[in-house]
Amino acid sequence: MADRVTVIGWDGSPLTEVATAALSAATLVAGAAHHLALPEVPANAERIRLGSIDLAARRIAGHRGSAVVLADGDPGFFGVVRNLRAPEHGLEVEVVPAVSSVAAAFARAGMPWEDAQTVVAHPRTLRRAVNVCRAHHKVAVLTSPGAGPAELALLLEGVHRTFVICEELGTSREQVTVVTSDKAADHVWRDPNVVIVIGSGPEPQATGAWIAGRHPQGVRGWALPPQAYASSAAEGGRNSGEGESPGLRAAQLARLGPRTGDLLWDIGSGSGALAVEAARFGAAVLAVDSDPAACARTAAAARAFGVPLQVVEGRAPHVLERLPEPDVVRIGGGGVPVVTAVTERRPERIVTHASTRDEAEALGAALSANGYTVRCSLLQSVELDTAAWSERERSVVFLLSALRSDLAP
């Protein structure tokens, strides 16, 4: 094993004395081509061009002498430190950090960033990165070849965002460009780059914020009662909670488990209550309804709770053909044809409900026939008037939840 392993971050500025001393003593240096070309790299040191981090780690583990790994920005922030410290390599490292590319990007943009989400986009994770951009006002995307600004823009089709694209930060070729998302796909961008994605509407205020990347404030709890949507209901034209049981909504959300990186379809969004609450969990949401008044109520509820979601007016199942791939789906109506159309898109989880056992059996059979493992429960809730302890409202419904069979235990 190498006698000493030092990981040095480089942000384009002159190396510190500590970094220069570690490099001068190095007998092995690993890094990208522009790192290995630095004049501080000893001429007689063994050089490894970083491609596979695991391969480089094995070479370093078998080296006798002092090893240095050069990386852009802060190597402890989505960088090589995690890979080098992995148990299979057994490397203990010293780290000399530099300014991370995310911090540099926000500095170039002159923007605060404690309220930003940070995601890494690879071709295999690009869709989830896009979902975070749909769901949050400010996102820093660390891109990669095949998952850059153009690809982000293409998957955000129909969702307006502003891109601050920072190319080759810290080099003589550094360039910062501000474009709208619909224009980003028309250009070829240089790697490496960082994209700051800014949502529409005013920037959320972070006054008094105490935790980075989120704002745990506002209304506490979920499966909120209809009264919580009173203001948005007035804007949308009628009581947004009418005909909807908070208990059913709680069960649907529990079975779906929407989370950051997911895209949820809420088909038959009605009041917008479930769509809004899924967005409050951090998921990206497409709320679909054929009724213009329902779409207006959903949009009003989203504004009232300060969450970004996309409202799509159209009748299922036909409108679903042009929507991006979902992770989880709530079906509020439409019967077997809508259930069948949703299963063809292969989301991980689906929930729907029925008012009769025959209807529940038909929906369950459609889900099972199309590759889903189905559970069905009869839910009954009774709301009491606690002034007189008399029954105020009763709800009885069959809840069906389906998990894609290849994911079922």
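The values are calculated or read from the model by the stated rules, or taken from the named source; none is laboratory data. Please read these numbers as outputs of a predicted model, since none were measured by experiment. Here the Cβ is made from the backbone with ideal geometry for all residues, glycine too, and neighbour counts use every protein chain on show. Areas reflect the complete protein model, heavy atoms only, side chains present, ligands, DNA and RNA absent. Shrake-Rupley method; radii C 1.70, N 1.55, O 1.52, S 1.80 Å.
In the stretch 6-31, of all residues being open to solvent by less than 30 Å² (accessible area, probe 1.4 Å) and either small (Gly, Ala, Ser) or assigned to a helix (DSSP H, G or I) (or both), the one that is nearest to Pro97 (Cα to Cα) corresponds to Gly9.
Looking only at the stretch 136-182, residues that are open to solvent by 60 Å² or more (accessible area, probe 1.4 Å), aliphatic (A, V, I, L, M) and closer than 17 Å to Ala284 by Cβ come to 2 in all. Inspection of the stretch 346-365 finds a residue satisfying the criterion of being part of a loop (DSSP other than H, G, I, E, B), open to solvent by less than 50 Å² (accessible area, probe 1.4 Å) and at pLDDT 95 or above.
Flag: Ala316 matches the condition of being among the hydrophobic types (A, V, I, L, M, F, W, C) and part of a loop (DSSP other than H, G, I, E, B).
In the stretch 385-396, the residues that are more than 24 Å from Ser355 (Cβ to Cβ) form Cβ pairs under 7 Å with partners that are open to solvent by 80 Å² or more (accessible area, probe 1.4 Å) and not hydroxyl-bearing (Ser, Thr, Tyr), at six or more places apart or across chains, as follows: Asp385/Arg392. Of everything in the stretch 78-93, what is open to solvent by 70 Å² or more (accessible area, probe 1.4 Å) and not acidic (Asp, Glu)? Give them in sequence order. Hits for the stretch 78-93 are Phe78, Arg82, Arg85, Pro87. Within the stretch 35-76, being open to solvent by less than 30 Å² (accessible area, probe 1.4 Å), in a strand (DSSP E or B) and free of Cβ contacts under 8 Å to residues at least 24 places away in the same chain holds for one residue alone: Ile48. Of the helices (runs of 4 or more DSSP H) lying entirely inside the stretch 204-295, those carrying at least 2 residues that are modelled with pLDDT under 95 and polar (S, T, N, Q) are 230-236.
Only one of Glu313, Glu325 is modelled with pLDDT of 95 or more, open to solvent by 20 Å² or more (accessible area, probe 1.4 Å) and touching a Cys at 6+ places or on another chain (Cβ under 9 Å); which?
That would be Glu313, the only listed residue that is modelled with pLDDT of 95 or more, open to solvent by 20 Å² or more (accessible area, probe 1.4 Å) and touching a Cys at 6+ places or on another chain (Cβ under 9 Å).
In the stretch 164-192, how many are within 15 Å of Ala32 (Cβ to Cβ) and of a type outside the set (A, V, I, L, M)? The number of residues fulfilling the criteria is 7.
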